[in-house]
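Here is the structure we will look at, set down as structure tokens.
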Amino acid sequence: MNIQQMMKQAQEMQVKMQSLQAQLAETEIEGQAGGGLVKITLTAGGVMMKLDINPALLKVEEKETLEDLIIAAHADAKDRADETIASETNKMMEGMNLPPGMKLPGQM
């Protein structure tokens, strides 16, 4: 691969990464905890869009449980978002003749 091909490929990769980032910014992923008692929806970028709490948890004596479930649901959604980013990045990179072992951030 000559330098011109590498430069062209780098430019193509940059355009594809920008497109992927825009797509992922709009992708919503749900995480949950407590068997669905608490659900959180995040964008793939980690922005919380929605929080759904089962009314049964809205009691003073359930405060600590609710707090724990919100944290767990957020962690679940974040893990799923990270998996989506890695998967979509890997799909985008398929077919590009990158040197062996070269990976981009988020690529597994």
One residue from Ala44, Ala56, Ala22 being modelled with pLDDT under 95, surrounded by fewer than 13 Cβ atoms within 10 Å (Cβ to Cβ) and under 25 Å from Glu83 (Cα atoms): Ala22
Output for the stretch 63-96, where each listed residue is of a type in the set (D, E, K, R), in a helix (DSSP H, G or I) and either at pLDDT below 90 or on the phi > 0 side of the Ramachandran plot (or both): Glu88, Lys91
Any pair with Cβ under 6 angstrom, 6 or more apart, that starts in the stretch 78-92 at a residue that is over 19 Å from Val47 (Cα atoms) and ends at one that is of a type in the set (A, V, I, L, M, F, W, C): Met92/Leu20
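Yes/no matrix, rows are residues, columns are (1) of a type in the set (Val, Ile, Thr); (2) farther than 13 Å from Lys78 by Cα; (3) under 11 Å from the mean Cα position of the chain (by Cα):
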residue	(1), (2), (3)
Gln32	no, no, no
Gly45	no, no, yes
Met49	no, no, no
Asp52	no, yes, no
Ala56	no, yes, no
Val60	yes, yes, no
Lys63	no, yes, no
Residue under evaluation Gly31, criteria (1) part of a helix (DSSP H, G or I); (2) surrounded by 11 or more Cβ atoms within 10 Å (Cβ to Cβ); (3) modelled with pLDDT of 90 or more, criterion not met: (1)
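The values are calculated or read from the model by the stated rules, or taken from the named source; none is laboratory data. Treat the numbers as computed from the prediction; the structure is a model and nothing was measured. Here the Cβ is made from the backbone with ideal geometry for all residues, glycine too, and neighbour counts use every protein chain on show.
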